[in-house]
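Please read the structure below before turning to the comments.
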Amino acid sequence: MSIKIAVIGLGYVGLPLARLFATKYPVVGFDINQSRIDGLRSGTDSTLEVSDEILKKVLVNNFNRDKNGLLCSSNLNDISDCNYYIVTVPTPVDKNNRPDLTPLYKSSETVAKVLKKGDIVIYESTVYPGVTEDECVPVLEKISGLKFNIDFFAGYSPERINPGDKEHTVEKILKVTAGSTPEIGQKVNDLYKSVIIAGTHLAPTIKVAEAAKVIENSQRDINIAFVNELAKIFNLMDIDTHAVLEAAGTKWNFLPFKPGLVGGHCIGVDPYYLAQRAQEFGYHPEIILAGRRLNDSMGEYVASQVVKLMIKKGITVKGASLLMLGITFKENCPDVRNTKIVDVISALKDYGINVSIFDPWANPLEVKHEYGLETTIVLPNQKFDAVVLGVAHTEFLKLDMSTLQNDNSLLYDVKGILGDNVDGKL
C-alpha cells in the first residue's frame, strides 16, 4: 500500500516536517487557519522556518497519490484518503500553568472524522506520559466508531524543532519514535527513518517516548534555573556571573548554561505537563516546580535590577523613557509565544516607566493580539533614559547604542552579549 501523509497543524513544527516528507511522499498539510494556508500556497512561510525557495520546490496545487509533493489545505476532504495522520498542534498551559489539551482534542476530532481501517495516527505534540493513549485515542474511537489497535493504530514521535535554528533542521535531529504495538512502532520508525538523516530511536512504548520528550526540556529548565539563582547571588556580591561561568567552564564536564529569561513553547511549558501528571499520581515534584518558580520570577527580577541602576544613576524612574530591544522569545526568530520579555515590560510599567518596544523580527499585529502591546519594526528616532537589550538579535549587535541614549542614560544587557561597556547585565 502506498503511503499518503496528512500533517495536522502547519506551524513551527508541522510545516518543516510536511515539507521534508513531501520530498519523498504525497503529503497534505492541513490547517484551520485559512490565512496561513493562503500564505503557504503563495510560497511564503511567515514563521521563516522554511525558505520560500525550498517551500516552492515541494508545493503542488492538485493532489496526486502517485506524485510526491505538498498540498496545503483547510478542506477536510483533502485529507480523507490519507493513511498516516501526523498531529503537530501546540500544547500550551493556561493562566494557572495547567496543561491545556484543547488543541489536541480538536485536532483528534478532525482526524477522527476521516479515520479509516488500517490508518495510523501519530502525535508529535509535547505531552505528559499517557496523553496519546488515555486522552487522544478515546476521542478518535468515539467519533470514528473504530476500535483502537484493531481498526486503527497510534504512534508518537516528539517534535525536536528549534525555532530559528538553520543548522539543526528537522532532518538533522535524531528522532524518537514509538507505536501502539511493536509492529506499528516499527512502521512509524521506518516512516521517519526514510527522511531523517540523523537517524531514529525506537522507544519500547508510547509512554516512554512521551516521558523522554517532557524531561528533555525539564532538564534544561532546571539547569537554567540554577544559573539564574547564581546570577542573583553573584549580583548581590558584585561579581560578574558571566565571568564566573567562563572560568568554571574550563572544567571538561561543566555544563555551559547561561542565565536568562526562559520562554517559548517548550522549556517554559513542558515542566508543567510533567508536574501535573506527577501530582495526579500523588507526588509533589519539588525540584521541577522550584525551577519553574525561579525562572518565572526572572522577568520581575530584571525589571527591579534596571530600576535600581536607574536610581543609582540619578534617573527619575516615574515617567522615564525606556527602549526595550526585542520581544520575541529568542534571537533571530519571529516567534513571540510565551515570551518572558513581556514580564519585564509589565514590571517596568508598574514602576511608572514609559516603555517603547523595537523588534525587527516580531509582527506588530501578532504582538498586539497576544499581549496588547504596541511594537515597531523601525528603530525609533529619539533618545531614551534607559535602553534594555532583551533579545540577542543579530541586528542589535550592529547598533550604536549611544545614538539611543541620553547623556545620563542606562544600558542594561539581559543576554550578556554587549561586553563590559554596559551599566548592568543579568
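Considering (1) open to solvent by 10 Å² or more (accessible area, probe 1.4 Å); (2) modelled with pLDDT of 95 or more; (3) of a type in the set (Gly, Ala, Ser), the lone condition that SER42 does not fulfil carries the number (2). Applying a threshold of 6 Å to beta carbon distances and a minimum spacing of six or more residues, or different chains, the list of pairs starting in the range 344-367 at a residue that is part of a helix (DSSP H, G or I) and ending at one that is polar (S, T, N, Q) reads PRO364/THR375; VAL367/THR375. Determine, yes or no, whether LEU115 is free of Cβ contacts under 8 Å to residues at least 40 places away in the same chain, closer than 16 Å to HIS265 by Cβ and either assigned to a helix (DSSP H, G or I) or out of contact with any Cys (no Cβ under 9 Å at 6 or more places or on another chain) (or both). Answer is no for this residue. Restricted to the range 269-295, and to residues there that are β-branched (Val, Ile, Thr) and under 20 Å from the mean Cα position of the chain (by Cα), the residue that is farthest from VAL214 (Cα to Cα) is ILE288.
When ASN354, ASN363, ASN381 are checked against the criterion of being of a type in the set (S, T, N, Q) and closer than 27 Å to GLY164 by Cβ, ASN363 stands alone in meeting it. Taken over the range 182-212, the criterion of being out of contact with any helix residue (DSSP H, G or I) (no Cβ under 8 Å at 6 or more places or on another chain) and closer than 22 Å to PRO26 by Cα is satisfied by ILE184, GLY185, GLN186, LYS187, VAL188, ASN189, ASP190, LEU191, TYR192, LYS193, SER194.
A quick yes/no check of all residues on (1) open to solvent by less than 70 Å² (accessible area, probe 1.4 Å); (2) among the charged types (D, E, K, R); (3) more than 23 Å from MET298 (Cβ to Cβ):
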position	(1), (2), (3)
VAL317	yes, no, no
SER321	yes, no, yes
THR375	yes, no, no
LEU379	yes, no, yes
GLN382	no, no, yes
ASN406	yes, no, yes
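Selection of the range 323-340 for residues being under 21 Å from ASP94 (Cβ atoms) and open to solvent by 10 Å² or more (accessible area, probe 1.4 Å) yields PHE329, ARG337, ASN338, LYS340.
For every residue, the table says whether it meets (1) in a helix (DSSP H, G or I); (2) open to solvent by less than 20 Å² (accessible area, probe 1.4 Å).
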{"residue": "ASN228", "(1), (2)": "yes, yes"}
{"residue": "ILE233", "(1), (2)": "yes, no"}
{"residue": "ALA243", "(1), (2)": "yes, no"}
{"residue": "LYS251", "(1), (2)": "no, no"}
{"residue": "GLY263", "(1), (2)": "no, yes"}
{"residue": "PRO271", "(1), (2)": "yes, yes"}
{"residue": "LEU274", "(1), (2)": "yes, no"}
{"residue": "ILE287", "(1), (2)": "yes, no"}
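Within the span defined as the range 138-156, every residue fails to be under 15 Å from VAL87 (Cα atoms), buried (at least 20 other Cβ atoms within 10 Å of the Cβ) and among the β-branched types (Val, Ile, Thr). Considering ASP134, ASP190, ASP165, the condition of being at pLDDT below 95 and either part of a helix (DSSP H, G or I) or among the acidic types (Asp, Glu) (or both) is satisfied by ASP165 alone. Contact map, the range 29-51: residues that are part of a loop (DSSP other than H, G, I, E, B) paired with residues that are exposed (fewer than 14 other Cβ atoms within 10 Å of the Cβ) and not hydrophobic (A, V, I, L, M, F, W, C), Cβ distance under 6 Å, separation 6+ or inter-chain. Pairs shown: GLY43/ASP52; GLY43/LYS56; THR44/ASP52.
The values are calculated or read from the model by the stated rules, or taken from the named source; none is laboratory data. A quick note: this is a predicted structure, and the numbers were derived from the prediction, not measured. Every residue, glycine among them, receives a Cβ derived from its backbone with ideal geometry; neighbour counts consider all protein chains shown. Surface accessibility is based on the protein's heavy atoms, side chains included, excluding ligands, DNA and RNA. Shrake-Rupley method; radii C 1.70, N 1.55, O 1.52, S 1.80 Å.
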